[in-house]
Amino acid sequence: MIFAVVGPSGAGKDTLIAGACALDPRLRLVRRVITRPGDAGGEDFEGVTEAAFLARRDAGEFALDWQAHGLRYGIPAAQLQGDGPVLFNGSRAALPAAMALIPGLVVILVTAPVEVLAARLAARGRETVEDVRARLERAAFTLPDGVVPRVVVNDGTAQEGIARFLAAVYPESGKRWSR
């Protein structure tokens, strides 16, 4: 099964994904290709130039690609192959294309109250005050028609959020996840 993890900036998607992968070795995380320097911090990603990204996209290397926040993002098709659940940090705006290109895609929406988002964005120190304000304005973005996500409210500790995230990945298990 392939999961697109989406949500507003600051919701804690990367933290929950990393924590879930640490607790459950069956989960595989797609390493995104992004047009920003590899040492920019945040998630583990492959940083490339715009020209390199476009060449790889044109060669058909990506199962999905999109633009957001002045950057290009790509999901390498090869990383979606194989056994076990696959997670990728996606884009809410790219969901219609993702749903069309990846049959059976499951969407997990990670969200948090706006005050939590604001505090997290300020703490990570990657954006200007204006950038943070713009990201918060986009936080209320609605999902495209037909997308019914599994929702994770990440408004507590990382441990609580990871447990909620794993419950969204495996809703049928009824298992309580903890460290």
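Every read-out reported here was derived from the displayed coordinates using simple, explicitly stated rules and does not represent laboratory data. As the structure is a computational prediction, the values presented were derived from the model and not from experiment. Virtual Cβ from ideal backbone geometry, glycine too; neighbours counted across all protein chains shown.
Summary table below
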{"quantity": "Global form of region 2-169, assessed from the alpha-carbon gyration tensor, a/c cut-off 1.5", "calculated": "rounded"}
{"quantity": "For Leu29, distant residues with modelled amide H under 5 Å away", "calculated": "Leu87"}
{"quantity": "Contour excess over end-to-end distance, with Cα ends at Ala59 and Leu71 and 0.36 nm allotted per residue", "calculated": "2.4 nm"}
{"quantity": "For region 1-93, the spread of Cα positions along each principal axis, largest first, Å", "calculated": "37, 30, 25"}
{"quantity": "Percentage relative contact order, region 92-179, counting C-alpha pairs under 8 Å, at least six apart", "calculated": "33 percent"}
{"quantity": "Fully extended contour minus Cα-Cα distance, from Asp145 to Ala51, at 0.36 nm per residue", "calculated": "30.5 nm"}
{"quantity": "Rounded to whole Hz, the Karplus (6.51, -1.76, 1.60) HN-Hα couplings of region 111-127, x for glycine and proline", "calculated": "9, 7, x, 4, 5, 5, 4, 4, 5, 5, 5, 5, 5, 6, x, 8, 10"}
{"quantity": "Protection proxy ranking of 85-95, 24-34, 124-134 - average other beta-carbon atoms within 10 Å, highest first", "calculated": "85-95, 24-34, 124-134"}
{"quantity": "Nonlocal amide H pairs with Ile108, under 5 Å, H built at 1.01 Å", "calculated": "Ala4, Val5, Val6, Arg150"}
{"quantity": "5 angstrom amide H check on Glu46, placed H, neighbours 5+ away", "calculated": "Arg32, Val33, Ile34"}
{"quantity": "Residues Arg164, Arg135, sorted so that the one with the fewest Cβ neighbours within 10 Å comes first", "calculated": "Arg135, Arg164"}
{"quantity": "Gain upon complete extension [Arg26, Ala119; 0.36 nm per residue less C-alpha separation]", "calculated": "30.3 nm"}
{"quantity": "Contact order normalised by residue count of the chain, Cα under 8 Å, 6+ apart, percent", "calculated": "30 percent"}
